[in-house]
1. When the range 401-428 is examined, which residues are found to be within 16 Å of the chain's Cα centre (by Cα) and of a type in the set (K, R)?
2. Which residues, taken from the range 206-232, are of a type in the set (A, V, I, L, M) and either part of a loop (DSSP other than H, G, I, E, B) or in contact with a Pro (Cβ under 6 Å, 6 or more places away or on another chain) (or both)?
3. In the range 60-87, what residues are part of a helix (DSSP H, G or I), closer than 16 Å to L160 by Cβ and touching an Asp or Glu at 6+ places or on another chain (Cβ under 7 Å)?
4. In the range 314-334, is there at least one residue being at pLDDT below 95 and at negative phi?
5. Do you know which residues across the range 509-520 are over 22 Å from V321 (Cα atoms) and either of a type in the set (A, V, I, L, M) or in contact (Cβ under 8 Å) with a residue 60 or more places away in the chain (or both)?
6. When the range 470-485 is examined, which residues are found to be in a helix (DSSP H, G or I) and buried (at least 18 other Cβ atoms within 10 Å of the Cβ)?
7. Considering only residues of the range 133-186 that are assigned to a helix (DSSP H, G or I) and of a type in the set (S, T, N, Q), which is nearest to V44 (Cα to Cα)?
8. Output the residues belonging to the range 233-260 that are outside any helix (DSSP H, G or I) and loosely packed, with under 15 Cβ neighbours inside 10 Å.
Amino acid sequence: MKNKKIPLALTFSLLLAASCQDYLDVQPENVISEDNLEIEQLVVSAYSALDYRFNTGEFRDNWPFDHAPSNWVFSDIRSGDAYKGGGGVGDNPGGGMHALEIHQVFPSSENVYNLWRALYFGLFRVNNTIITLNETTDFANKDLRIAEMRVLRAHFYFELMKNFGSFVYIDENTPIGEVTSLPNSFDDNFLWGKIEEDLNAAIEVLPETQADLGRVNKLVAHAYLAKAKLFQGQWEEAIANAGQVLAGPYRLVEDIERLYSEPGYGNDENVFAIQHSINDGSEYGNLNFGDLINSPDSPSDDVNHPYLNGDDFHKPSQNIVNAFKVDENGLPLLDTYNNADLAPRDITTPVDPRLDHSVGRSGITWKSWTAMPQQDNWSRDVATYGLYVRKKNQIDPNSDLRASGGFPWAKGALDQALIKISDVMLWKAEASIELGDIETGMALINQIRERAGNAPYVRDFVDSEKPAANYQIGLYPTNVTQDYARKALRMERRLELHNEGHHFYDLVRWGIASNWINDYMVAESAKRTYYAGAGFTPNRDEYLPIPQIEIDASGGVLIQRGNY
């Protein structure tokens, strides 16, 4: 299957012209014409761009699993949280997943281009909606909806910032004639300033809650502002904005298994999430197609297996599994966790209970599935990628809100969290530790660990009165050094948020990506031979290349990142 490739410069000149003036007879798919324009539908169309589907009419453009909004392709498999998985190193949706995994990506990468295109597709919808709202005089919710759009615009530009580092900035005030001549050479202060400008403006207008689930509110804007400040090392501002969110209605839910499995259960924990649904009139439902290929395999489509014919991508790494080992006090082995591997069927070594909620291990109970525990043959290519499978954020196979018993496999109305309250808590903890307030930082970390300890454990498949493994989790002392607290914070971010698209960006903003990832690949090469000879190049691999197709289309206006 091939994607229809329209460069950014051409895309924006065509789309902006078509949206503002009747210059061209353009017939795109699934858009609202001037004759039936309904502003709320236009707003919803901007929200729908969060799922990275292009709606061009091309079959392939409705399946964003090579550039998913969960960032499993661009963070998890590049950071040590996960292996690419699938049917071997040659099984590459989008053509370049393996290259991303071993940090040999090129500007011609289709995965990279599709991410760039998806983000600008979302920005076009947002900007077009703002233009329409600004021109409207009799719409009661005008200011509110503009504020919502400004938060969405901040989200899309934030994604461009952390993935590409430099990009073309376009808003509703950009003249159509200037779109093709805009550079990607704005400095960081300008780009962060534009993101923060949108968020601060939205905070002045948005209410703290909205009646419709999934709409952004004031606290979502504060959360994005806290994250922006965190990425810039502006600790006081990060704490202030995170505090606004933590004072709101969001909370850590009690049952981690249900959080990762049951649609709707995580609503109290999800500050902002992409909404998914079934039975909504569409062919399959509004599903998380970006993670479509990440469910376990099912040999011969055996109905005794929970999902049938999953593709087994996004496989948790041995390194992340090792990170869940604990000492006699139930605390992580901060410096030595990777000295020895936790064997796939080891249920005696003490581990953090979150391991078996989030990583599928052979012989361990799979959610509420009673036909069998996890089997070795749920993995497609054991020799290349091992036996661990992605369990986190897979809908329970028995859920009434699952899309079907077969294709689209492990998909349903389980939302995709973009910001969870646990993430916000860890932002505040990190900023507090960096400012020397160790006690506050460690207390926040301990709240998350306390939830993990109190949540129901995964039970033994045969004897439900017993836990499935030797689960232990303890609380950190709070009178520790800043260096120890920093290590604890960084480990806790992995344990709580692994395989949710965060770790690579954390490594980059902490300034340790090159050393950490190179050490990881050297250690892994003994188990995963495809890492042999691979390397992370500093001052290059922290960010993705600007797609070559865009540089060519710009006639030299866009500039490639250094060392690509």
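1. Hit for the range 401-428 is K420, nothing else.
2. Result: L206, A211, L213, V216.
3. Matches in the range 60-87: V73 only.
4. no
5. Correct list: R509 only.
6. The one that is in a helix (DSSP H, G or I) and buried (at least 18 other Cβ atoms within 10 Å of the Cβ): A485.
7. If we take residues in the range 133-186 being assigned to a helix (DSSP H, G or I) and of a type in the set (S, T, N, Q), then N134 is nearest to V44 (Cα to Cα).
8. Matches in the range 233-260: G233, A247, P249, R251, E254.
The values are calculated or read from the model by the stated rules, or taken from the named source; none is laboratory data. As the structure is a computational prediction, the values presented were derived from the model and not from experiment. Glycine also receives a Cβ, built like all others from the backbone with ideal geometry; neighbour counts cover every protein chain displayed.
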